[in-house]
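First the structure, in the form of structure tokens, and then the observations on it.
Read-outs throughout are calculated quantities, based only on the coordinates presented, and are distinct from any laboratory measurement. What you see is a predicted model, and the numbers here were worked out from it, not measured in a lab. Note: ideal-geometry Cβ built from the backbone for every residue, glycine included; neighbour counts use all protein chains shown.
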Amino acid sequence: MPSPTRITTLAFVVYGPLTVGALAWAWLGGGRFAWTLETPWLSAPYSERFALSLGLGLVLALVVVAMTPLLVERTQWARALHVELEAIISPLSSAEITTLALASGFAEELFFRGAMQPVLGLLITSVIFGAVHVGPKPVFFAWTTWAFVMGLLLGMIFELTGVLWGPVLAHVWINQRNMSFIRRH
């Protein structure tokens, strides 16, 4: 098993280029910024859409973080996934978990929602997002399915508001709190 330092280094090796790729894809593909959507579902001033994006992201994060312990306690698939992820996450410090949560939440949202979704659409982007969350054992299929559903929800916040910061907030918060939960339990 890689050491915690190797895991966080690997995260930056993956998420640094992913961030740069997202920014380049959005800019070169249409001269736009990856953190905004030109034609959101909601027609309202940016300040209102920004606030709604953050509010929806916060609500989503709170619901998912609250559901996680319940799912682990009450469902076999969540318990099995918890055990598998615990082997990876338990050696990490709180600072490393926070670093991973920030890097993954920011880079993945910028790439999948900010750069990819305006080009490929909500459904295809969510399928791809789920597909990159595949693990080496069948138990990880639950994680893949969960990532697909989360991709849809995060993507809908982006489509509705045209503002990426709510999905980023939700993704970072969910990753940080759930990895901390896995490490503690």
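Some points to look at:
- Listing Ser47, Ser90, Ser126, Ser180 from fewest to most neighbouring C-beta atoms within 10 Å gives Ser47, Ser90, Ser180, Ser126.
- Axis of helix 76-89 versus longest Cα principal axis of the chain: the two differ by about 90°, to the nearest ten degrees.
- Take the Cα of Leu120, step 7 Å toward its Cβ, do the same at Leu70, and the gap between the two points is 3.2 nm.
- Cα-based helix-to-principal-axis angle, 46-74 vs the chain, degrees rounded to 10: 20 degrees
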